[in-house]
Structure formats: structure tokens, C-alpha cells
1. What span do the alpha-carbon atoms of region 1-105 cover on each of the three principal axes, reported in whole Å from largest to smallest?
2. What residues from region 315-330 fall in the zone where the backbone N is under 19 Å from a label point 7 Å along the Cα-to-C-beta line of residue 297?
3. Working out 0.36 nm times the residue gap between residue 15 and residue 186, then minus their Cα-Cα distance, what length gain in nm do you get to one decimal?
4. So for the chain: antiparallel DSSP bridges make up what percent, rounded to the nearest 5?
5. Computed on alpha carbon atoms, what radius of gyration and Dmax characterise region 223-379, expressed in Å?
6. Over all directions, what mean area does the Cα convex hull of region 235-291 project, stated in square nanometres?
7. How big is the C-alpha Rg of region 147-284 next to the rule-of-thumb value 2.2 N^0.38 Å, as a ratio?
8. Considering only C-alpha atoms, what is the centroid distance from region 348-385 to region 387-417, in Å?
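Any read-out appearing in this document is the output of simple, stated calculations on the displayed coordinates, not a laboratory observation. Predicted, not measured: the structure shown is a model, and the values here were computed from it. Glycine also receives a Cβ, built like all others from the backbone with ideal geometry; neighbour counts cover every protein chain displayed.
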Ligand code: UD1
């Protein structure tokens, strides 16, 4: 068991380099299962979620060869769909992409229901609807998802998503790549990682068009060949450091970003009085004056990302006046508010709305990371707080942020990761799914 200890009150100064996008990597690695050849994937973030997915593929017979800390070669020519390690798949939400990949490549799938419900009910009905439209017979029972195709191959279909879902859009794109005929996904999600997955699949020989718009057309091909691909920089990791310097003050150059992907975040921070200069592949984020209040509503891309809601809420705790945050994607994504309250934050939550009364100072406290982005939010609060903040349950944070402590330290933060003695076993070693 490890925890972070932060001594707050230091401005952030310097440069931080952004890693590969987690939410792209967690789809691209399972999609490698579709490829009948060797995939070389670069800019893979070195985080526990990607490591877990690589070990799931290894259990299924893939040869996984790390070429460096962030480049990996995956050879799925001899994988066996029956060999998915269920003790691992149930721990990671993104294992739902194995459904599309297995059905696409083998015409059959069996995996666990992705567990965990850290921010409300997280259904996969749209994933299942897509697979059924492509001719699969799907069944969910006993905590497992089963899929079969009578002919051994999915067929193209017209699929209108009832809800804009990142996961369902990507899962259907993966499965449809090897289906017979054309699949059209209407009301598709448009996040940058959807375009990245399409580019990955296309570089392996797929024919996916329109990713980044709300209509995606996939012309199924009979085989995906190997190739090389480099994952885009992480929009949410960059946004987290933008929020951190906005809250703590100072000036950070955030390198290896696609500024276009960050416009939804930059626009909000500018409203809050933060200065942001856009470079070709970097941003300079500076905050010298007091933070101003604003309102935020999370929406599918290009709206303000739900995965930045906890971090912006933490930042707004220190803005002058009252801000209103509305969570437009998830039902219950405010559990971290209790942790911020322990640090002196004034936040009232009513359903999907949080009203944040700005305070002059936060104070250090012992708090927990409730999930990945909630963990980032309490780190941001700790960086600004007077005194010492201890953050427990940091395994959530390490699922999604590469070298979080080292990157913050390099920018002048006083944060360390320390080991704490293990608690006696409680009889349940499961890690709730995150992501
Ligand atoms: C992914 C990300 C998560 C992010 C979310 C929204 C991963 C592993 N996770 O999650 O970090 O917060 O996108 O950007 O990449 N919905 C349904 N039925 C479905 C699927 C979703 O009703 O079959 C609903 C959900 O309850 C939610 C909304 O659609 O209200 C968006 O969910 P979705 O975009 O699918 O999120 P995930 O793919 O699970």
C-alpha cells in the first residue's frame, strides 16, 4: 500500500511532457487482437491499465515484446479466444473491448462483465445492441458476456446508438473492421481517441471512414495485417496539469500535446482568468491573478470532458465567487466532493449539479482517491492547500497517470509517494474497475 504526501503552497514552474493517451491505448491494445501479424505500438503510456491489458493478451497466447518503456510489439497470430484470464478481465473496465475484438476475429467471445461503478450505473447495452445488429447472439449471465455468430463472421449493419457512447462506438468499430460488408454507426461519439483508434485500424489495413464525426462507416475487410502506430498524446493528462497550474499558480509549458484537443479545456480556464498560449505541439499555461468563477457542463466531445470534471471542480474551489458544475454524462460523479470538503471546500451537490462557493484557502487533510480522476482532483487540492495532505488509495491514480509524482516534482511540487504498512487482509482482494 502506498500513499502520496503533499506539502501544499508551491507554485508550479517548468515543463511537463505528456504521455500517450490512456483511453486510446486501452482500446488499441485489445484491437491488436484483430491483427493477423505483428503490431508495433509506440507512445503507449506506462500505467497499470495498459500493463494489465498486455498481460491479458499474453494469457491468450499473444507474444508481447516491450521494445522500450513506451513501445511494444504485439503478435496475436496464435491467440486463443477461450483463454481470456477472467481474474484480470473483471478488474479492468476496458476489457469490454475484448468483446468486439473476439467477435470480429473469431466470431465468438466470452469475457466478464466489466465491473465497478465508481460514478453510477455503467451499462454496456449499446455495445451489445451493436454486436446483435451485426448478427451476433449475445447473452449476459452469471457475470459473463457470451457472444456467438452462427456463420462464424459478423456482418455489416446500420446501427443508431441511443446514447453517445465512447466505449460502444469504439467496440463496434473494432468488431466491424473484420465483418462482411459495410457497417454504419450513427450518433457516434467523436472523442480524439475515437479518431486515433480508427487511424490505428486503418494503418493495419481496415477501412474506417468518418471517425471524428457522428457518422462512422466501416467497410469490413477479410484480414488486418501488421504495422506500426504511434498513439496520440493524452488530452486528459494534459488537462489535469493545466488545471493543476491554474489552481496552484505559476507557469507550466505542457509539451507533446495537440492544442486542438484541448480547446474545450483552454476556453474554460481562460474564462477563469488563466493565460494560455498555444504552440504547435505545446501550451504555456500561466496563472498570476486570482481565479474567477465560472460555470461548467460536461458533454461528449467537443464539449467539456467528464474526465476533467473532478479536476476543474477542485480548481473552482479556489475561485472568487460561486460556480456551478453540471455533470452531463454520468449520474454519480461527485463522490470526491466529500474528500474536498475535508480540506475546507464549500460544495453543495444536488443530483448532477455541484454548487462551488470559492474559499480563500484549502487546508491539508487525510483524503482518499475515490477513482482515477477523483484522485487527480484531490492531488490538485493538495498542491494548493496550506499544510500537508495525505492521499490514500493511489492505485486508482496510477492506473491512468504515467510518472505522476515525478512529473509534478519536476515542476516544483512537494509531493512524494511513500509506502504504508499493509492492512490485515479483509477477505476480498478485488480491485474495482476504473477508467
Ligand atoms: C469512457 C472512458 C471514461 C469516460 C467516458 C466518457 C475508458 C475505459 N473509459 O467510458 O473514462 O468517462 O468514456 O468520456 O475509455 N451508456 C449507456 N449504454 C452503453 C454505454 C454507455 O447508456 O452501452 C451511457 C453511460 O451510462 C454514460 C454515457 O453513455 O451515461 C457515456 O458512456 P461511455 O461514453 O460509453 O463511457 P465509457 O466508454 O464507459
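1. 52, 27, 20
2. 322-330
3. So the extension gain works out to 57.5 nm.
4. 70
5. For region 223-379, the Cα-based Rg and Dmax read 16.1, 60 Å.
6. Over every viewing direction, the Cα hull of region 235-291 projects on average to 3.1 nm².
7. This ratio for region 147-284 stands at 1.30.
8. With region 348-385 and region 387-417 each reduced to a Cα centre, they are spaced 15 Å.
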